[in-house]
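Accompanying notes for the structure given below.
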Amino acid sequence: MRLASGAASVLLSLAAACQSHDPAKELVVSGVETYWIVDSPQAGQNFVAPVVRFRLKNVGPATLGSVQARARFPAPDQDPIWGSIQEQVSTWSRPLERGREAVVTVRSAGRYHAPVEPEDILRSPAFKDPRVEVFVRIGSSSWALLAEAPVTRRIGAPGVQDLVAGR
């Protein structure tokens, strides 16, 4: 009898762990901010890459142990579309609890480069404004598109200029 009830407990635990998730119903994106970062210059070239920062809130019924985010940065006539490095938002040792949110920053793996100042890269007539598409998944769920926005032509995160100026 003990063996049967022990096996039932193990099966219930496995079923809960294998539960399928719907990121579009369990997560909400808010506070989307876009900007450009400056990478280290190389061989006389300056590099800028688009970034998206947002808040990701768990609005689902349970704590989420494995949440990942990634982004695409498509620009007109740009092939291939720039992708991002995948970001681990939560893990089983650092879960995203129900009702809590995390600030997530995802940068593009693709960059523009030129032998001019970074601000001048953004002012170039050849510059093409990308937009960002934010995707999220829970565990092994499918990726869900949760947000889209244009990438603002600004070097540095919002509020950085105020910090530098001491305001």
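Points to keep in mind about this one:
- The stretch 65-106 - residue that is charged (D, E, K, R) and touching a Phe, Trp or Tyr at 6+ places or on another chain (Cβ under 9 Å) and, of those, farthest from S142 (Cα to Cα): R72
- Residues in the stretch 40-57 that are surrounded by fewer than 16 Cβ atoms within 10 Å (Cβ to Cβ) and part of a strand (DSSP E or B): S40, P41, Q42, Q45, R55.
- Residue within the stretch 31-49 that is at pLDDT 90 or above and within 13 Å of G139 (Cβ to Cβ) present: no
The values are calculated or read from the model by the stated rules, or taken from the named source; none is laboratory data. Every value quoted in this text rests on a predicted model; they were computed, and no experiment measured them. Positions of Cβ are generated from backbone atoms using ideal geometry, with glycine treated the same way; all protein chains shown enter the neighbour counts.
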